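Written below as structure tokens is the structure these notes are about.
The values are calculated or read from the model by the stated rules, or taken from the named source; none is laboratory data. Since the structure is predicted, the reported quantities are computational estimates derived from the model, not experimental observations. Cβ placement follows ideal geometry from the backbone for every residue including glycine, while neighbour counts extend to all protein chains displayed.
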Amino acid sequence: MPGCCQNDHCASSASANAARAASPAWRRVLWIALFINAAMFGVEVFGGLQAHSASLLADALDFAADAANYGLSLAVLGLALHWRSRAAWIKGASLLAFGVFVLARALWGAWAGQPPQAVTMGAIAIAAMLSNGLVAALLYAWRDGDANMRSVWLCTRNDVLGNIAVLLAAVGVFGTGTRWPDLLVAAVMAALGVSAGWKVMRLARAELRAHDVQPQMRAY
């Protein structure tokens, strides 16, 4: 609603979020998350190609997207809210696009490909889950910040869920000897990406609308 930021509570909330965004602790967490995600991207690309796993390759792209997102978050630290909101919108759009890509990859895999290597899938999924669990624990304290902070938290939360899904897919591939569990997980990860991306984009747009209203109110 346009009038929701006319009171002192909304103004103080925006100021508190700005202070948290400029915090050195937040910067350190982002750097740690960036390095972990970049490293796991390389691991999952190599492992996904070796194991012929669509879900591992999808998870690798997710790690790459998150590393880029953390770098973008670092780039806008200390900037005004509308710049952080714009960055959050871009991240939300990238999440949504990633989800669409993974869905297309899963559909393609239904027509071609071979059963992936379940043992390799499972081992890499466990390593990825531990990595993302560490990042999620570091980011937990920042989950209720502005759209930029929430987008980082949502990315990491979805990563942990995705890693669990890949691990379950490995069990399914091992048990059935087919690629269908791998493709099903890829489709689920696509749905998570689309949902989270849309949520972040909506929140970012709401913040941008609120920012446009505040200068007009001050003019009166």
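One line per residue, one yes/no per condition, for (1) closer than 14 Å to PHE63 by Cα; (2) without any contact (Cβ under 8 Å) to a residue 40 or more places away in the chain:
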site	(1), (2)
ILE90	no, yes
ALA127	yes, no
ALA141	no, yes
LEU154	yes, no
ARG157	yes, yes
LEU161	yes, yes
Inset, instruction - Check ALA60, ALA51, ALA127 and return the single one that is at pLDDT 85 or above and either of a type in the set (Asp, Glu) or surrounded by 20 or more Cβ atoms within 10 Å (Cβ to Cβ) (or both). - result: ALA51
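Quick grid of which residues meet (1) over 18 Å from ALA88 (Cβ atoms); (2) part of a helix (DSSP H, G or I); (3) not aromatic (Phe, Trp, Tyr):
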position: PRO115; (1), (2), (3): yes, no, yes
position: ILE126; (1), (2), (3): yes, yes, yes
position: ASN132; (1), (2), (3): yes, yes, yes
position: MET149; (1), (2), (3): no, yes, yes
position: ARG157; (1), (2), (3): no, yes, yes
position: ALA165; (1), (2), (3): yes, yes, yes
position: GLY175; (1), (2), (3): yes, yes, yes
position: ALA186; (1), (2), (3): yes, yes, yes
Inset, instruction - Give the stretch 30-44 a look and list any residue that's farther than 12 Å from ALA68 by Cβ and of a type in the set (Gly, Ala, Ser), or say none. - result: ALA39, GLY42
Legend entry - Count of the stretch 156-190 residues which are basic (Lys, Arg) and within 20 Å of ALA67 (Cα to Cα): 1
Inset, instruction - Among the residues of the stretch 103-113, count how many are assigned to a helix (DSSP H, G or I), modelled with pLDDT under 75 and of a type in the set (A, V, I, L, M). - result: 2
